[in-house]
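Enquirer: Here it is: the structure, laid out below.
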């Protein structure tokens with residue numbers, strides 16, 4: 001059992017000097033190596049001996065410096081989580097799940113936010129290396145190079161990418177099944193009779209955008225439905241980005257009857273844009289999100305979306321890191337499954353209220 005340090009100290013001892021491992025060993029009547037074993041969890045040490053060591057620690061006020069010990073042993077139990085954008089509520093859910101999985105293993109997660117900045121990503125990773133982190137989980141910023149990411153792993157820092165893949169980097173990646181998720185949402189709308197469907201939101205330079213776009217195009221092509229360049233409108237992944245993207249799409253082509261959104265947050269922005277035009281989501285235009293945030297079922301109307309289980313992402317990522325640290329890992333991707341969550345934000349085309357003079361009423 002790991003000892004619990006008490007706050008009581010010997011006044012006479014504090015007055016003289018700071019307690020050391022040698023002092024603890026001498027007071028407990030054991031060897032220095034035995035004290036070290038107790039400090040690291042006491043595996044293989046008799047209960048009576050652990051009690052004696054902990055009593056000595058209490059009496060002397062000894063404080064175990066885990067960071068210094070890690071530096072001496074070239075080991076650390078700290079793992080860095082480099083987040084592209086902590087304002088993203090889905091990423092926050094993933095990080096909470098990952099933190100839980102890591103702390104359950106006795107590891108210490110350290111979270112930093114790079115705010116989608118590749119320069120900030122480099123600077124923070126360099127600083128974290130100086131603080132003896134044992135490995136990195138990274139949601140890479142746009143413009144991250146494969147050489148930089150590969151160099152991090154090659155330098156002896158186990159590295160796992162989350163949510164995004166950098167082509168050419170030989171590191172493990174844990175991602176949702178982006179293609180299938182967007183295929184499912186698009187096919188659902190097609191099955192409702194929609195033929196004019198827009199794909200809105202997302203940053204073109206990141207892998208998950210390209211994968212979701214491929215899923216959208218695959219479903220449209222399978223149904224032999226045409227897709228105009230103007231039917232696809234990238235944007236930031238903020239709510240404001242979704243609002244602006246939908247406004248642009250409908251300004252160009254009011255015949256759009258449905259839209260698949262890059263994320264739930266983008267879909268929230270779509271709701272605002274539709275209402276600004278006097279349109280009702282789920283009645284005048286169908287909307288589908290991606291992520292299944294906790295708030296999505298509380299939206300009005302409740303948002304139909306693609307569910308990606310954040311706990312699964314966190315669990316699988318922690319398992320991959322453990323394998324990395326044990327040097328028993330390939331760089332293959334882990335693709336986490338998705339599920340269509342049907343709610344109230346979509347309608348069959350026969351039930352749709354016409355929102356433009358260019359669209360005949362049903």
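The values are calculated or read from the model by the stated rules, or taken from the named source; none is laboratory data. None of these values were measured; they are calculated from a predicted model. Cβ coordinates were reconstructed from backbone atoms using ideal geometry, including for glycine residues, and neighbour counts include every protein chain displayed.
Enquirer: Of all residues in the stretch 131-153, which are farther than 20 Å from residue 325 by Cβ and more than 13 Å from the chain's Cα centre (by Cα)?
Expert: Passing the criteria: 142, 143, 144, 145, 146, 147, 148.
Enquirer: What residue, among those in the stretch 330-349 that are touching a strand residue (DSSP E or B) at 6+ places or on another chain (Cβ under 7 Å) and not in a loop (DSSP other than H, G, I, E, B), is modelled with the lowest pLDDT?
Expert: Across the stretch 330-349, the extreme among qualifying residues is 333.
Enquirer: Related question: Of all residues in the stretch 189-223, which are in a loop (DSSP other than H, G, I, E, B) and free of Cβ contacts under 8 Å to residues at least 60 places away in the same chain?
Expert: Residues satisfying the conditions are 204, 223.
Enquirer: Please indicate, with yes or no, whether at least one residue in the stretch 26-37 is in a loop (DSSP other than H, G, I, E, B), within 22 Å of residue 77 (Cα to Cα) and at pLDDT 60 or above.
Expert: No, the stretch 26-37 contains no residue that is in a loop (DSSP other than H, G, I, E, B), within 22 Å of residue 77 (Cα to Cα) and at pLDDT 60 or above.
Enquirer: In the stretch 249-321, which strands (runs of 3 or more DSSP E) lie fully inside it and hold 2 or more residues that are within 20 Å of residue 225 (Cβ to Cβ) and in contact with a strand residue (DSSP E or B) (Cβ under 9 Å, 6 or more places away or on another chain)?
Expert: Where strands (runs of 3 or more DSSP E) fall fully within the stretch 249-321 and carry at least 2 residues being within 20 Å of residue 225 (Cβ to Cβ) and in contact with a strand residue (DSSP E or B) (Cβ under 9 Å, 6 or more places away or on another chain), they are 258-261, 286-288.
Enquirer: Could you please find all residues in the stretch 192-234 being within 20 Å of the chain's Cα centre (by Cα) and within 27 Å of residue 278 (Cβ to Cβ)?
Expert: 201, 202
Enquirer: Another question about this same structure. Given the criteria closer than 18 Å to residue 160 by Cβ and surrounded by fewer than 16 Cβ atoms within 10 Å (Cβ to Cβ), does residue 294 qualify?
Expert: No; evaluated as a whole, the condition is false for this residue.
Enquirer: If the requirement is being under 24 Å from residue 320 (Cα atoms), at pLDDT 90 or above and not in a strand (DSSP E or B), which of these qualifies: 92, 56?
Expert: Residue meeting the stated conditions: 92.
Enquirer: Same structure again: What is the one condition in (1) surrounded by fewer than 16 Cβ atoms within 10 Å (Cβ to Cβ); (2) at pLDDT below 95 that residue 324 does not satisfy?
Expert: If we test residue 324 against (1) surrounded by fewer than 16 Cβ atoms within 10 Å (Cβ to Cβ); (2) at pLDDT below 95, just (1) comes out false.
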